[in-house]
Every structure is written in C-alpha cells, then in structure tokens.
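First the structure, in the form of structure tokens, and then the observations on it.
The values are calculated or read from the model by the stated rules, or taken from the named source; none is laboratory data. This one's a predicted model, so the numbers in the text were calculated from it and none came from an experiment. In this analysis, Cβ positions are derived from the backbone assuming ideal geometry, glycine residues included, and neighbour counts consider all displayed protein chains. We work out accessible area using only protein heavy atoms, side chains counted, and drop any ligands, DNA or RNA first. Shrake-Rupley method; radii C 1.70, N 1.55, O 1.52, S 1.80 Å.
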Amino acid sequence: MVIVKCAECGADLAANARFCSACGAQVGLKKEVYQVSAEKLVEKFKEIAKDASVKRIVVKNESGRTVLSVPVTWGAAGAVATLALAPWLAAIGVIAGVATKCTLEVERASTLTTHA
C-alpha cells in the first residue's frame, strides 16, 4: 500500500486528493525560494516565468510579507503571453523601487511524495 503525504504539512492524503484536507495546499506542487536584490527582481521574475512547470510566483519583501502573488498560466501553444505578464511586471518594477531585498517563492508542478 502506498501512502501519499502532503509536501507542506506531512498529513496523509486521500488517493486522488487535489488539495490537502489538513492545510489546504495544492497537491503536486513543490516550492523553490530565491533571494534577489531589488535590481535583479524583474530580471529573475522574467527568467522564472519562462518555465512551463511554474504555476505561481510569490514576491515577498525583506520582512517576509507577501506583496504580490502571480499565477502563471501557460496557453495551449506552450507559451506564456508576454502581454498577460505586462501588468505584473509593472507592479514588480514598483516593488523593486521601494524594496532592497526580495524573496521569490516559486510553485512548480512536481511529483507526489510517497512512502511505501
């Protein structure tokens, strides 16, 4: 028997769960964290957004407070629309103007953690 665990809280998950019943985290995502300077924020955001496995990018300020959460949606053609990212890039430019260091939390599609 295979037991599937939530990557966020470690709770046991139902066989076909899409979300954890304990913490609400989406099943099948993994997080990566990047520390970037304000000068590199827009550049790093654009680099990350090009990856088709990315589902969401969360920008946090130097005190760890979420200032922007951007869902990244890829079209059927396999490319993220640059036009769709334009408003987010403008907002990130403003954040970069007032912040010194930022954290980017990237949620990517991944495989489940299982234990036999």
Exercise. Which of the residues belonging to the stretch 48-61 are assigned to a helix (DSSP H, G or I) and modelled with pLDDT under 85?
Worked result: Ala49
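Got a number for residues in the stretch 26-43 being at positive phi and free of Cβ contacts under 8 Å to residues at least 40 places away in the same chain? Walk me through it before giving the result.
Step one: list which residues in the stretch 26-43 are at positive phi, which gives 28.
From what is left, the residues that are free of Cβ contacts under 8 Å to residues at least 40 places away in the same chain are none.
Number satisfying all stated conditions: 0.
Just give me the residues in the stretch 101-116 being at pLDDT 70 or above and either open to solvent by less than 30 Å² (accessible area, probe 1.4 Å) or more than 21 Å from the chain's Cα centre (by Cα) (or both), in sequence order.
Initial filter on the stretch 101-116 (at pLDDT 70 or above): 101-109.
Listed by number, the residues that qualify are Cys102, Thr103, Leu104, Val106, Arg108.
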Seminar exercise, completed: Selection from the stretch 1-25 of residues closer than 15 Å to Glu107 by Cβ and touching a residue at least 12 places away in the same chain (Cβ under 8 Å) yields Cys6, Ala7, Glu8, Cys20, Cys23, Ala25
For this session: Please find, within the stretch 1-47, the residue that is modelled with the highest pLDDT out of those that are open to solvent by less than 70 Å² (accessible area, probe 1.4 Å) and in a helix (DSSP H, G or I).
Result: Lys44
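Out of Val72, Val67, which single residue is within 22 Å of Glu8 (Cβ to Cβ), open to solvent by less than 40 Å² (accessible area, probe 1.4 Å) and modelled with pLDDT under 90? Working first, answer last.
Values: Val67 fails: open to solvent by less than 40 Å² (accessible area, probe 1.4 Å).
Being within 22 Å of Glu8 (Cβ to Cβ), open to solvent by less than 40 Å² (accessible area, probe 1.4 Å) and modelled with pLDDT under 90 holds for just one of Val72, Val67, which is Val72.
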